[in-house]
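Any read-out appearing in this document is the output of simple, stated calculations on the displayed coordinates, not a laboratory observation. Bear in mind that the values here come from a model prediction, so they are computed numbers and not experimental data. Cβ placement follows ideal geometry from the backbone for every residue including glycine, while neighbour counts extend to all protein chains displayed.
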Amino acid sequence: MPPSYDLLRESALEAVELHDAPFRYFLARRCLAPDIEQTLLEWFETDAPWQLVETDFYEQYEFRMLDVALPESVSPLTSLDNLSTLRREMAEIFDVAFDEPILVVAHKLVPGQRIAIHNDYLVGKETHRLTIQLNRGLRDEDGGLFMLFNSFEPSDIHRIIRPVCGSVIGFEISENSHHAISMLHERERYTLVYSFYAQPYAKRNSRSV
């Protein structure tokens, strides 16, 4: 039997800030219930099946949560009910209808790794992303800062967001959604990433459940 605690807070995504520029994004203090947040972090630190991935703009460890046998303690993270809840709340925040598929990927950065500026935009691919930050109290000097940009120029910084454990960043993927993660100097930085697909030609106020 899966654990009896509630995975999500009563309002899973209580956006504390919602912005339209330089691209649509929001911040939330927390998404996961504290008990599963810590359980997930412990699993990431011990038995999670990390695989090193290297591209032209990043090097990190990752794996798809839906492609592995999850331990019972974290399996609710990919349950249909909880994915539907996240899809519904993302739809309300962005006023967009989403198709059913949701991609769930775990990321890990270790010292010396970073993610260079990019926008995640690919025609026909994911349109919105929800990232949940998990770590053991990263300090500013440890690096791993989430950076938003006004353009593709690295000096054109819009905002720097601290990787506070449990905090949430959601954004609409577009040609303008430039972001990066600064070099990690100490400790480890984990992220749980949910990716959503807007329905083609979806009208506003049409909801996917």
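Overview of results
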{"read-out": "Computed helical MRE - 222 nm, the chain, DSSP H runs ≥ 4 contributing -39500 (n - 2.57), nearest 500", "value": "-4500 deg cm²/dmol"}
{"read-out": "Loop GluC sites (Glu not before Pro), the stretch 41-127, which have at most 14 other Cβ atoms in a 10 Å radius of their Cβ (DSSP)", "value": "Glu72"}
{"read-out": "Farthest toward positive dipole pole in the stretch 115-209 [+1 Lys/Arg, -1 Asp/Glu at C-beta], among Ala116, Leu134, Asn150", "value": "Leu134"}
{"read-out": "Residue range of the chain that is longest and free of chymotrypsin sites (Phe, Trp or Tyr not before Pro) which are both DSSP loop and sparsely packed (at most 12 other C-beta within 10 Å)", "value": "58-151"}
{"read-out": "Dipole moment magnitude, nearest 20 debye, the chain about Cα centre, only Lys, Arg, Asp, Glu C-beta charged", "value": "380 debye"}
{"read-out": "Note, ³J(HN,Hα) from phi for the stretch 122-131, Karplus 6.51, -1.76, 1.60, rounded to Hz, x at Gly and Pro", "value": "9, 4, x, 9, 4, 10, 9, 9, 10, 10"}
{"read-out": "Footprinting exposure proxy for Ile132, Ile157 (fewest neighbouring C-beta atoms within 10 Å first)", "value": "Ile157, Ile132"}
{"read-out": "Separation in nanometres of the label points that stand 7 Å from Cα toward Cβ, at Met183 and Ser73", "value": "3.5 nm"}
{"read-out": "Signed unit charges on C-beta, dipole axis of the stretch 15-198, positive-most listed residue Cys165, Ile36, Gln51", "value": "Cys165"}
{"read-out": "R0 of 35 Å, Cβ-Cβ distance Asp20-Glu42: FRET efficiency to nearest 0.05", "value": "0.40"}
{"read-out": "Taking the chain and dividing mean pair separation by its residue count, relative contact order in percent (alpha carbons under 8 Å, at least six apart)", "value": "29 percent"}
